[in-house]
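Data block below; observations after.
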Amino acid sequence: MKKHNVERLGLAAALLAVALPSQAVVTDDLLTNSQETSPWQDCLGSDLVSETNGSFNPNSIEGDGCAYRETPAEENTAYTFSCGVFSAKYASITLAFQNDNGETLATETTDIYDESLGAAYSVTLTSPPGTTSAAVGIYGYHNSGFHGCTLLLDQPDPGPVDGSIGGLSWFDGNDSATNDPDEGGIEGTPVFLYSDNAVVAEALTDEDGNYYFGGLDLGQCYTVRFESPDPTLELTAQGADSLANAEGFTSEMCLDATTPNVVDVNAGFVAVPPV
């Protein structure tokens, strides 16, 4: 989205006002289904974003730990911004709205004061009249991290509440794509549910590596995407019990009265080979 620098600085200041000075890392992109979403940008006084590609380089982080992205938004609409957060003492996520003059109209922040090993956090806010864009901001102390950051319309679960999709994330010790009895589940794996190319739900696997999406529409088709829960892990080859491809996506699954509940939508992970 093209904006005057003064407009961006005004919104950056609003986002930075909720942060404390330190460092943070975001590991993936904001998902908004919009081609107009800006790259990640530094808040005032922050130096997290590489000037060459608009991304984060954890090897050269200096200064404050605040960054934000902007995307077009509709007025009088409820939005939810959510992230999986690894928090070291303190982190926060912020959602803000501004008008076409670059004036900040509303902001809302979710603070994470306790250490978190990857729990999901969200902030929901309705855009005021005159809103033309939204900004999402992240902040965290050194060693904090963010993944699966998503901006969605805050809509109720679709009905009827009949269908479900569930499965497992596990450590594939022998890289066979088969879930052997001695291979345990992986807790905290980010899992996203897509319908019509949009994220409609997200979850983190439980302590046994399981996840579950309920309340899904019959007659609707869905796709599941897995993300690595740890930079030392990568997806195993697709096949046998591991249904995710190299990008983490499964094949499309359509729910109906005959097959309302799809189980064993699994993904195996292996250790990243040492360099």
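The values are calculated or read from the model by the stated rules, or taken from the named source; none is laboratory data. Since this is a predicted model, take the numbers as computed values, not measurements. Positions of Cβ are backbone-derived with ideal geometry, glycine not excepted, and every protein chain shown enters the neighbour counts. Areas reflect the complete protein model, heavy atoms only, side chains present, ligands, DNA and RNA absent. Shrake-Rupley method; radii C 1.70, N 1.55, O 1.52, S 1.80 Å.
Pick from 82, 92: which is open to solvent by less than 30 Å² (accessible area, probe 1.4 Å), modelled with pLDDT under 85 and of a type in the set (Gly, Ala, Ser)? When all the criteria are applied, what remains is 82.
Taking first residues from region 185-206 that are among the polar types (S, T, N, Q) and partners that are in a strand (DSSP E or B) and at pLDDT 90 or above, the Cβ contacts under 6 Å between residues at least 6 apart in sequence or on separate chains come to 189/169; 195/222; 205/169; 205/211. Checked against the criteria, residue 76 counts as open to solvent by 50 Å² or more (accessible area, probe 1.4 Å), at pLDDT 60 or above and in a loop (DSSP other than H, G, I, E, B). The single condition among (1) open to solvent by 60 Å² or more (accessible area, probe 1.4 Å); (2) touching a strand residue (DSSP E or B) at 6+ places or on another chain (Cβ under 8 Å) that residue 231 does not satisfy is (2).
Residue 119 meets all of the listed conditions (1) touching a Phe, Trp or Tyr at 6+ places or on another chain (Cβ under 6 Å); (2) surrounded by fewer than 21 Cβ atoms within 10 Å (Cβ to Cβ); (3) within 23 Å of residue 207 (Cβ to Cβ) but one, namely (1).
The single condition among (1) open to solvent by 30 Å² or more (accessible area, probe 1.4 Å); (2) over 12 Å from residue 140 (Cα atoms); (3) within 21 Å of the chain's Cα centre (by Cα) that residue 101 does not satisfy is (3).
Looking at this structure, is residue 250 hydroxyl-bearing (Ser, Thr, Tyr) and within 13 Å of residue 191 (Cα to Cα)? Against the criterion (hydroxyl-bearing (Ser, Thr, Tyr) and within 13 Å of residue 191 (Cα to Cα)), residue 250 qualifies. Residues that are over 19 Å from the mean Cα position of the chain (by Cα) and surrounded by fewer than 18 Cβ atoms within 10 Å (Cβ to Cβ) within region 184-210 comprise 184, 207, 208, listed in sequence order. Residues that are open to solvent by 30 Å² or more (accessible area, probe 1.4 Å) and assigned to a strand (DSSP E or B) were ranked within region 211-222; the one that is farthest from residue 187 (Cα to Cα) is 221.
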